[in-house]
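Notes to accompany the following structure.
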Amino acid sequence: MKGGVGKTTIAVGLAYELSSSFNKDVLLIDMDPQTNATLLIMKEENYREKDRSNKTIADLFRESSGGLIDEQNKIRLSDIITLNPWKIENGKMDLIPSSIRLFEEKRILVAKPYSESYLKKTLEPIQSLSYDYCIIDSPPDFDELVIAALGASDYYIVPIRPDYMSQQGLIILEKKLEEIKEHINCQLLGYVINLIPTTRSSFHKNITKELEIEYKENILTKIKEIQAYSKWPSTHKPLDNKDDRSPFVEIARRVIKEVEK
Ligand SMILES: Nc1ncnc2c1ncn2[C@@H]1O[C@H](COP(=O)(O)OP(=O)(O)OP(=O)(O)O)[C@@H](O)[C@H]1O
Ligand SMILES: [Mg+2]
């Protein structure tokens, strides 16, 4: 949930490996008005075109705030899906792009009474689309968009950076989840320790060890600082190096094992 911990990197990496390595049909939803996942996948001019033609998640929320939910949303959903932008064979990775306009839609929706269940309803029809997996990339704040994403999901994954601030963020997250647990039916799938520094810092090593002791088998994988990841958003293409892809293959394997057991 915290900013810059690797939510977007992991969401895109996981969605890509589920489809390309495990032949699954995947829908990736960018629920963050920062549009990071969208812009990692498509070039800026392609995103602008989607935004101009109202084919983004912000348009789904705009329609639903006008009362068009349930049956009508199913139609809306298929209208706003970008089909297999990376042209994956065997499986596929479709995308619902985000939009900077989602900041505004969120503001309107938050002002509505019962906005929590309202937002949840908006995303519910996604479950009736025939995907094997739907991955939602969330914004950094624990806001209505995150609650909507949790409300529509069966599982959530929490990336953690092995530093003090992230550990504090985790405590806040657990508190917030406790507050809304009556309204959502979404289980923890696991943690990903991300951005482990490659330098020999005993401080980071100790925190990583503490996290491993505390969360044990709930840790899906550990990821070091990898230069290819910081460059990745500017390429708009899948990672091609096998080693760079391996942490996401590992997460995908763990996700399939848990979900399909
Ligand atoms: N393991 C890693 N090694 C190197 N760079 C990484 C790694 N994981 C993420 N990054 C980079 O760190 C930055 C933050 O990652 P990312 O955007 O995935 O985080 P986020 O949690 O989605 O952030 P936000 O809260 O703003 O949405 C990005 O530039 C990303 O490319
Ligand atoms: Mg992000």
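The values are calculated or read from the model by the stated rules, or taken from the named source; none is laboratory data. Every value quoted in this text rests on a predicted model; they were computed, and no experiment measured them. Using ideal geometry, Cβ is built from the backbone for each residue, glycine included, and neighbour counts are taken over all protein chains shown.
Annotations for the structure displayed:
- Elements of type helices (runs of 4 or more DSSP H) contained in segment 1-97, each with 1 or more residues being more than 16 Å from ligand 2 (Cβ to nearest atom) and either modelled with pLDDT under 95 or more than 30 Å from residue 190 (Cβ to Cβ) (or both): 44-52, 57-65, 71-80
- When segment 121-137 is filtered for residues that are touching a Leu at 6+ places or on another chain (Cβ under 7 Å) and either farther than 24 Å from residue 21 by Cα or more than 13 Å from ligand 1 (Cβ to nearest atom) (or both), the ones remaining, listed by number, are 122, 125, 126, 129, 131, 133, 134.
- In segment 98-109, the residue that is modelled with the highest pLDDT out of those that are away from ligand 1 (no atom under 16 Å from the Cβ) and crowded, with 19+ Cβ neighbours inside 10 Å is 105.
- So residue 191, is it more than 27 Å from residue 99 (Cα to Cα), among the aromatic types (Phe, Trp, Tyr) and within 16 Å of ligand 1 (Cβ to nearest atom): yes
- Contact map, segment 246-261: residues that are small (Gly, Ala, Ser) paired with residues that are at pLDDT 95 or above, Cβ distance under 7 Å, separation 6+ or inter-chain. Pairs shown: 252/14; 252/17; 252/18; 252/21; 252/22.
- Total residues in segment 3-29 satisfying the condition of being buried (at least 22 other Cβ atoms within 10 Å of the Cβ) and near ligand 1 (Cβ under 10 Å from one of its atoms): the figure is 8.
- Residue within segment 44-65 that is over 13 Å from residue 138 (Cβ atoms) and within 12 Å of ligand 1 (Cβ to nearest atom) present: no
- Single match in 258, 217 (criterion: part of a helix (DSSP H, G or I) and exposed (fewer than 11 other Cβ atoms within 10 Å of the Cβ)): 217
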